[in-house]
Each structure stands twice: as C-alpha cells, then as structure tokens.
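As structure tokens, the structure follows; a few thoughts come after it.
The values are calculated or read from the model by the stated rules, or taken from the named source; none is laboratory data. What you see is a predicted model, and the numbers here were worked out from it, not measured in a lab. Quick reminder, even Gly has a Cβ in these numbers, built from the backbone with ideal geometry, and neighbours come from all protein chains shown.
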Amino acid sequence: MGIGLWFLIPYFYLSPVQAETIVNISDFANEPLSAWESKSFDGETSYDIMTDADAPVDSPSGATRHILVARSNSSASGLFKRQRIDLQETPYLNWRWRIDKGITNANGSIDETQKSGDDYAARIYVIVDGKLIRINSKAVNYVWSSHQAAGSRWDNAFAPNNAKMLAVRGKDDTTGQWRQEKRHVANDFKLLFNRDVRYIDAVAIMTDTDNTQQQAQAAYADIYFSAD
C-alpha cells in the first residue's frame, strides 16, 4: 500500500518531550491500542497485543514479552502515534520486529519501487509534520523488504517527494526470528532527503498486502528513542 499523503497529519500543537535517556513509544504491557490512532486504506490489517514466550525480555519499558501482532489479508491499514521527539536529545530509534509470514516473491514479480508492489510485511516509520504547508511533510520508512537487499533505499511509489524507503531487512534475511534494530533518525533524513531535522512528530506501524493481494503476519515490540 502506498502511504500516499495520509501521514500529513492535521496541524496541531505538539509540546516538546523533555530530555530523557529513553523516550518510550510502545508500552504494549500497560498501554491499550487506543493510545494509537488508526488509518485504513483498503480493508483492515488486524493489530492485537499478545504475549509471546519467545519474545525478548530486556525491554527498556519493562514490558516483558508483550508484543503487537499484525495480520494482513489483501488489506492495508496502519497505526500511528503522535509524539514529538527531539532528535538532539534522543536521536536513535530502536525497535524489535519479526516476520512470521512474509510476502512471496518467488518468481521475482514484485517490484516495491512500483505501485503494484508497494507492500511490506513489516514497516515502521517516522514523520515530520509539514504543519500548515502539508507538502513539506516528510517520512522515512524503515521496511523489511521482500524484493530489495538490506541497505537499499528508494522513493515511495505513491509519494516520491514526501516518503523515502530504506530496507533495514531484505529479501535474504531469515524470517521467524526476532531482530533488534537501531537507526540514527536525523542521519537518515539527511541521507534520504538531504535535510537537517531536529524534531519528528509521529511514529507509525504498518503491515500491508493490498497491492500484491497476499497475506502477511509480523510482530513488533519495544519501540523507543534513545540518546545512544
């Protein structure tokens, strides 16, 4: 699913988060999903908080084995949380994710750089709100790609000027295992947009398969920003 311009969230005041070593985004052990807003494009990807005996337990939030499970069946909807983060104080986005059922690309027919292939079993992204000038909104999408190699980057097929894709995991990565990720968000905005960014305004999660008409299942856990 192309995120298009859905992430151009309405203008509103966001007070800066106080400087901390860690700014927690997900607290799946104590926080209901109602703390996240939802956006549907084509049907509904299901998102459920569950416990998982195999999930890592060294969560900075103390959320032991509580995870978010996403299931998509030819559908596309996402969750996002509005929260302003000062990247000078906590520049690193950390998260864990796992693909349980990925998007099949056995015959090489899926091209994620095209609208027909713009689906991802797992993605998490950060948004800079354009305020009153919505075309100024920008998003970096960290994706688990079924087509590209890890480290690849490309313009989003639906909104090439506003959203950039970066494959943190790629077609050769093993599924069914938890992976720990850490990205310097300001550096990635500079790399992908050639733009210096101090604040991000929202974090989003999406598992979507509406363009490829497939099924996918992924799990997310321990999303937080850190100073190092």
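Inside segment 203-222, can you point out the residues that are in contact with a strand residue (DSSP E or B) (Cβ under 7 Å, 6 or more places away or on another chain) and farther than 21 Å from ARG153 by Cβ? Across segment 203-222, the qualifying residues are THR209, ASP210, GLN215, ALA216, GLN217, ALA219, TYR220, ALA221, ASP222. Of all the strands (runs of 3 or more DSSP E) wholly in segment 20-82, which have at least 1 residues that are touching a Cys at 6+ places or on another chain (Cβ under 9 Å) and either at pLDDT 90 or above or under 23 Å from PHE225 (Cα atoms) (or both)? Per the criteria, no element qualifies.
Using the structure shown, decide if ALA139 is of a type in the set (A, V, I, L, M, F, W, C), surrounded by fewer than 23 Cβ atoms within 10 Å (Cβ to Cβ) and within 21 Å of ARG96 (Cα to Cα). For ALA139, the condition - of a type in the set (A, V, I, L, M, F, W, C), surrounded by fewer than 23 Cβ atoms within 10 Å (Cβ to Cβ) and within 21 Å of ARG96 (Cα to Cα) - is not met.
Name the single residue that is surrounded by the most Cβ atoms within 10 Å (Cβ to Cβ) among those in segment 84-109 being polar (S, T, N, Q) and over 14 Å from the mean Cα position of the chain (by Cα).
We begin by selecting, within segment 84-109, every residue polar (S, T, N, Q); these are 88, 90, 94, 104-105, 107, 109.
Going one step further and asking which of them are over 14 Å from the mean Cα position of the chain (by Cα), we end up with 88, 90, 104-105, 107, 109.
Details: GLN88: 11, THR90: 21, THR104: 13, ASN105: 17, ASN107: 6, SER109: 11.
Per the criteria, the residue is THR90.
When residues in segment 172-213 are screened for being at pLDDT 95 or above and in contact with a Gly (Cβ under 9 Å, 6 or more places away or on another chain), 5 of them pass. State yes or no: is TYR120 buried (at least 22 other Cβ atoms within 10 Å of the Cβ) and not charged (D, E, K, R)? Against the criterion (buried (at least 22 other Cβ atoms within 10 Å of the Cβ) and not charged (D, E, K, R)), TYR120 qualifies.
Where in segment 140-228 are the strands (runs of 3 or more DSSP E), entirely inside, with at least 1 residues that are within 28 Å of ILE49 (Cα to Cα), more than 12 Å from the chain's Cα centre (by Cα) and in contact (Cβ under 8 Å) with a residue 24 or more places away in the chain? Show your work before the answer.
Numbers: elements: 153-155, 163-169, 179-184, 199-208, 215-226.
In segment 140-228, the matching strands (runs of 3 or more DSSP E) lie at 163-169, 179-184, 199-208, 215-226.
Within segment 87-132, the set of residues being farther than 14 Å from ALA221 by Cα, aliphatic (A, V, I, L, M) and in a strand (DSSP E or B) comprises ALA121, VAL126, ILE127, VAL128.
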